[in-house]
1. Out of the residues in the range 422-475 that are of a type in the set (D, E) and at pLDDT 80 or above, which is surrounded by the most Cβ atoms within 10 Å (Cβ to Cβ)?
2. Are there any pairs with C-beta distances below 7 angstrom linking a residue in the range 65-85 that is crowded, with 16+ Cβ neighbours inside 10 Å to a residue that is β-branched (V, I, T), with the two at least 6 apart or on different chains, and if so which?
3. Could you check the range 245-277 and list, in sequence order, the residues that are assigned to a strand (DSSP E or B) and either surrounded by fewer than 16 Cβ atoms within 10 Å (Cβ to Cβ) or not assigned by TED's automatic domain parsing to the domain that holds Y307 (or both)?
4. For the range 118-145, how many residues meet the condition of being under 27 Å from the mean Cα position of the chain (by Cα), buried (at least 18 other Cβ atoms within 10 Å of the Cβ) and part of a loop (DSSP other than H, G, I, E, B)?
5. Just give me the residues in the range 108-117 being buried (at least 19 other Cβ atoms within 10 Å of the Cβ) and without any contact (Cβ under 8 Å) to a residue 60 or more places away in the chain, in sequence order.
6. Take the residues in the range 329-366 that are part of a loop (DSSP other than H, G, I, E, B) and among the hydrophobic types (A, V, I, L, M, F, W, C), then tell me which one is surrounded by the fewest Cβ atoms within 10 Å (Cβ to Cβ).
7. Return the pairs, sorted by first residue and then second, in which the second residue is not in a strand (DSSP E or B), the first residue lies in the range 476-505 and is of a type in the set (D, E), the beta carbons are less than 7 Å apart, and the residues are 6+ apart or on different chains.
8. Among the residues of the range 86-98, which ones are under 15 Å from V52 (Cβ atoms) and either in contact (Cβ under 8 Å) with a residue 40 or more places away in the chain or touching a Leu at 6+ places or on another chain (Cβ under 6 Å) (or both)?
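The values are calculated or read from the model by the stated rules, or taken from the named source; none is laboratory data. Here the structure is a predicted model, which means the values were calculated and not measured. As a convention, Cβ positions derive from the backbone with ideal geometry for all residues, glycine included, and neighbour counts pool all protein chains shown.
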Amino acid sequence: MKKTSVLIVLLFVMSYGQIGRVTTAGWTTTDWQFNGPVYTRCRVVLTEGIHVCWVGPRYNFFDFTPHTWNWQSGINPATIMSSLGGMDSDPINGVEDICLSSLNGPYIAKDQMPGIGIFEYCNGPAGYDGGPIGITNNQAIHITMDGYYARIQPWCNWTTPIIIITGGYIGYNIAASKTSNKVIILWVSPEVTGQDRAFYRVSNDNGNTWGTPTQLPFPPSQGFVPSFHSSSLFAMFDNQDNLHIVASVAETSRIIPAEIWHWCPVNPQPWTLIQHYDAETYAPVGYNALFATRPSIVQNPTSGYFYVSWEQFDSLNYEPTTNLARADIWVAELRNNGQTLYAKRRITNPNTTSKRYPIAGGVFADTFVVNYLIDSIAGFENYIQGRTTNNPAVCQFIPIPFPGAEVEEQPTHNTIRFALEATPNPFISHTAIHYLLPAESNVLLSIYDATGRLIKILVSDAKPIGEHSIIWNGQDNRGIRVKNGIYFSTLTTNGKSITNKIIKAN
């Protein structure tokens, strides 16, 4: 990397607490982008630009020539009311194929030129939902639809859907090789024991025949029994046509501890641990997620290194109106065919927003691109978790190798944790609020109602390391007793915040 580029990056990091540059592709009021694992919805086309689509549905293209987005907030690629499946780029001409789903069934929107926004449409079989897609090097479009598989080749010629997933599933994905006609479909199978298993099937001949379902071995997690999660699986074929899978696991029937792993069957040790996260304190993370989950992976076509992105919740950063932890985006660089973790970084700055659904889009020049959503309020509006907000869908351009690259140490958990709880809870007349400080801190301990309105400031002072308690008598700042209902105690120290739900009862 040039010295001037390094200087610009370092200045950016010091000023904003994040790496690289963030640019907005568009906006959406839908904060629930995926139910399961991330589908491919961001692709770097080396000679052209960056394709991005998100739920709306919306599509935009970052053109490398003027270095701008083609449309201010994206365009709608659908012809009728539709939901968004996945997308992929044609490896021959660089155009984008977007899978959409309507009441009439799935259909594909194919752009006529990279980023021009003039789509041709191809309707699929009725009775199926559009899902993730992958395009092989012979321009065949491969699609999964609720456990079924179909291929489109030539254009708008759909094969008869066949059952491809056996034994049930709670999350599935697809990937296609860009150097051959290989296709992989992978899924998580629910188990009554709670230790959900992962499976995959590979076709080496353009989807004409498929291998038998093969169980993905559990990673060698330390200290707990791992279980694959419905939001966990993402795959790719590298430039040598070797298979790579990234997955997230957690302790059986729990969301922590959570881990991100890389798996490549040709490596002497197939599994490589990317991240282990055991939260400093428990916090709910919302529907269908682990504390670290939804990984995706791409390869640098020049160096051969791999880049992985994932979302990771911060148990010390709560949304007071929903009592949910907020998430940030993390990335890692893997070398030696994925066997060596060279560096990992949190690339977003913890604040009052939650960054969700990252997708590793690719690498161009000396820049790694990751796409994600910035949710103004942690939680899903369609699950009545917070009000509806207009949220940006962004791409972050990250210089590589990462500035000051080194593997960061995991949090040490044998020291005093940052923690907060109330007893009794629920309470009638008063409750004791206990909190732990891992270091001497300036403390602000406040009570909020369910709408986020400040009710009472209990502590606003410097406190030493260790355990502290204070009694809340159920009164607000005016000395008036509050009504029965749900309240939240929020502890803020030195830029960190933690929230706990309190119930006032009869």
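1. Taking the range 422-475 as the starting set, the residues that turn out to be of a type in the set (D, E) are 440, 449, 461, 467.
Add one more test, that the residue is at pLDDT 80 or above, and what stays is 440, 449, 461.
Numbers: E440: 13, D449: 19, D461: 8.
Within the range 422-475, the match that is surrounded by the most Cβ atoms within 10 Å (Cβ to Cβ) is D449.
2. Every condition considered, the pairs that remain are P77/I98; L84/V55; G85/I133.
3. L273
4. Looking only at that region, the number is 5.
5. I108, A109, K110, D111
6. Result: A365.
7. D476/V482
8. Listed by number, the residues that qualify are G86, M87, D88, S89, G94, E96, D97, I98.
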